[in-house]
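Chemist: What follows is a structure written as structure tokens; I'll ask about it next.
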Amino acid sequence: MSEVKVNKISPRTNCGTVTVGDSGDSVSVSAGVPVTVNNNLTVSGDLKSAALKAVDGGSIISQCGTNITLGASGDTINLAAGATQTGFGRTGTVDWDTTAKTASFTAVSGNGYFVNTTSGAITVTLPATPSAGDIVSVADYAGTAGTNNITIARNGSNINGSAADLTISINTSAITLVYVDGTQGWKGTQTSNLNDIELQPEYITATGGTITTCGDYKIHTFTGPGTFCVSSVGNPAGSDTVDYLVVAGGGGAGASGTSDAAGSGGAGGYRESSGTASGSYTVSPLGACVSALPVTATPYPITVGGGGSGSPSVGSKGSNGASSTFSSRTSSGGGGGGSGYGYTPVDNYGGPGGSGGGGGHPSVPGGTGNTPPVSPPQGITGATGPGGQGGSAIAPNGPGGGATSSINASPVKRASGGGAGGSGSYPAGAANTGNGGGAVFNGSGAAGGSGIVIIRYKYQ
């Protein structure tokens with residue numbers, strides 16, 4: 001093996017290039033011989049090394065098989081200011097800030113926080129405009145969240161699909177929240193106990209009608225047309241549904257001659273919910289198992305049906321009452337009562353409606369109730385003539401029927417059929433009862449009573 005010893009190899013011209021070896025050759029440096037580059041090292045091809053070392057001898061990058069390691073034990077690896085990374089992502093973990101928080105603050109994605117509520121309640125506000133994969137963890141530092149709660153404020157995004165804040169209210173609880181999408185928002189994962197995390201109660205806020213209160217419940221009563229305007233929908237921990245009573249106008253009675261009594265007016269249709277969403281007040285059997293209605297932040301037009309007019313003279317039946325409406329609930333007006341003896345059959349029959357009007361001429365049937373049909377039925381069929389009593393919300397026909405509800409804090413019976421038969425004097429239906437008009441012997445029919453709409457919900 002030949003050996004050439006020189007102190008320096010320089011190019012023939014200034015700034016020229018010195019080439020060592022030819023294409024295909026290998027140039028080797030003996031083991032243990034250091035190579036020093038005093039300025040820039042430019043490599044036009046691949047630079048391969050099992051380990052790239054720092055000046056202190058620690059590894060910057062090292063490889064063992066297919067495993068590539070950045071840094072050495074004890075090192076901190078940072079991205080330069082303005083640099084970004086892709087392809088790494090998070091695996092559902094956070095970097096914990098071990099300095100406990102003692103005042104309200106806004107969280108940063110990727111961080112976990114120990115929150116010390118020894119001195120008072122603290123609110124942790126989630127990041128605004130989050131992106132999918134953002135993650136925040138919160139833990140009760142001193143075990144005092146049961147006394148001084150930790151509120152996790154949603155900051156415009158949903159939490160677990162609800163537009164409501166969360167409250168940590170049991171000592172030593174913790175939760176990790178990961179942002180998923182605009183529908184579910186922040187989803188709770190890795191909680192110390194799912195029962196530890198409670199929705200902060202929010203309640204329905206609304207205007208319209210005559211407003212009264214009964215304990216924690218508001219009652220909106222509409223005796224005429226109006227608008228139930230919801231400005232806040234609340235949540236399940238507070239209130240997000242409303243109980244209701246919707247009664248239509250009662251039908252007017254037919255007129256009677258000297259021979260037969262006419263039929264009385266049928267009651268307006270009667271529809272109500274069970275009352276369990278707003279205090280479990282007493283309702284009629286028609287409301288049993290009927291769910292309260294969910295609401296959204298929007299105006300709800302209210303229609304209150306007027307009572308049907310009574311027939312002024314023998315030869316025509318009474319008029320039907322008008323419908324009442326709230327949201328998806330419509331109650332039909334009561335059927336008019338049939339006319340007295342001696343006139344065309346169509347005028348003798350009771351009219352169909354929420355409850356049917358009573359029949360006039362002997363053996364003539366009353367009008368069909370629950371028309372159009374709903375479930376539970378809004379009323380019953382009127383009685384057969386002569387002098388058939390109008391149908392009621394609940395049997396029997398006539399003034400003895402009707403349904404009772406305490407939705408407005410006291411029991412009131414509504415939607416009774418009008419009275420008829422014999423030589424008695426039966427009155428008109430009272431306003432806002434939905435009662436049918438009474439039929440008097442040898443006289444004009446009485447008018448039905450107007451309807452009513454009542455809405456009730458928890459407000460605090």
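Chemist: Could you please find all residues in region 301-324 being surrounded by fewer than 21 Cβ atoms within 10 Å (Cβ to Cβ) and part of a strand (DSSP E or B)?
Modeler: Pro301, Thr303
Chemist: Within region 242-252, can one find any residue that is within 16 Å of the chain's Cα centre (by Cα), buried (at least 24 other Cβ atoms within 10 Å of the Cβ) and closer than 19 Å to Thr205 by Cα?
Modeler: Among the residues of region 242-252, at least one is within 16 Å of the chain's Cα centre (by Cα), buried (at least 24 other Cβ atoms within 10 Å of the Cβ) and closer than 19 Å to Thr205 by Cα, which makes the answer yes.
Chemist: For region 231-247, give me the residue count where each residue is farther than 30 Å from Thr404 by Cβ and part of a loop (DSSP other than H, G, I, E, B). Steps first, please.
Modeler: Let us first name the residues in region 231-247 that are farther than 30 Å from Thr404 by Cβ, namely 231-233, 235, 237.
Subsequent filtering for residues that are part of a loop (DSSP other than H, G, I, E, B) retains 235, 237.
The total comes to 2.
Chemist: Any idea which of (1) out of contact with any helix residue (DSSP H, G or I) (no Cβ under 9 Å at 6 or more places or on another chain); (2) over 30 Å from Thr212 (Cβ atoms); (3) modelled with pLDDT of 95 or more is the one Gly390 doesn't satisfy?
Modeler: All conditions are met except number (1).
Chemist: How about region 418-435: which of its residues are within 38 Å of the chain's Cα centre (by Cα) and in contact (Cβ under 8 Å) with a residue 60 or more places away in the chain?
Modeler: Ala431, Asn432, Thr433, Gly434, Asn435
Chemist: While we're on this one: Return the residue satisfying two criteria in turn: it lies in region 253-274 and is surrounded by fewer than 24 Cβ atoms within 10 Å (Cβ to Cβ) and hydroxyl-bearing (Ser, Thr, Tyr), and of such residues it is farthest from Asn320 (Cα to Cα). Give the steps one after another, and end with the answer.
Modeler: Initial filter on region 253-274 (surrounded by fewer than 24 Cβ atoms within 10 Å (Cβ to Cβ)): 257-259, 274.
Then drop every residue that is not hydroxyl-bearing (Ser, Thr, Tyr), which leaves 258-259, 274.
Details: Thr258: 24, Ser259: 24, Ser274: 28 Å.
So the residue we want is Ser274.
Chemist: From Ala206, Ala288, Ala261, Ala267, grab the single residue that is closer than 30 Å to Gly156 by Cα and of a type in the set (A, V, I, L, M). Write out each step before concluding.
Modeler: On the way: Ala288 fails: closer than 30 Å to Gly156 by Cα; Ala261 fails: closer than 30 Å to Gly156 by Cα; Ala267 fails: closer than 30 Å to Gly156 by Cα.
Answer to the selection: Ala206.
Chemist: Right, another one. Taking the condition of being on the phi > 0 side of the Ramachandran plot and either crowded, with 19+ Cβ neighbours inside 10 Å or not in a loop (DSSP other than H, G, I, E, B) (or both), how many residues in region 209-225 meet it?
Modeler: Residues in region 209-225 being on the phi > 0 side of the Ramachandran plot and either crowded, with 19+ Cβ neighbours inside 10 Å or not in a loop (DSSP other than H, G, I, E, B) (or both): 1 in total.
Chemist: Test each condition in (1) at pLDDT 95 or above; (2) buried (at least 16 other Cβ atoms within 10 Å of the Cβ); (3) not acidic (Asp, Glu); (4) not in a loop (DSSP other than H, G, I, E, B) for Thr176 and report the one that comes out false.
Modeler: Answer for Thr176: the failing condition is (1).
Chemist: Here's another thing I want to ask about it. Given the conditions (1) surrounded by fewer than 24 Cβ atoms within 10 Å (Cβ to Cβ); (2) in contact (Cβ under 8 Å) with a residue 40 or more places away in the chain; (3) under 31 Å from the mean Cα position of the chain (by Cα), report the number of the one that Ser410 does not fulfil.
Modeler: In the conditions (1) surrounded by fewer than 24 Cβ atoms within 10 Å (Cβ to Cβ); (2) in contact (Cβ under 8 Å) with a residue 40 or more places away in the chain; (3) under 31 Å from the mean Cα position of the chain (by Cα), Ser410 misses (2) alone.
Chemist: Let me ask something else. Would you pick out the residues in region 263-292 that are part of a loop (DSSP other than H, G, I, E, B), more than 19 Å from the chain's Cα centre (by Cα) and either β-branched (Val, Ile, Thr) or closer than 30 Å to Val364 by Cα (or both)?
Modeler: Those that are part of a loop (DSSP other than H, G, I, E, B), more than 19 Å from the chain's Cα centre (by Cα) and either β-branched (Val, Ile, Thr) or closer than 30 Å to Val364 by Cα (or both): Gly263, Ser264, Gly265, Gly266, Ala267, Gly268, Gly269, Thr282, Val283.
The values are calculated or read from the model by the stated rules, or taken from the named source; none is laboratory data. Source: prediction; values computed, not measured. All Cβ positions, even for glycine, are placed from backbone atoms using ideal geometry, and neighbour counts span all protein chains on display.
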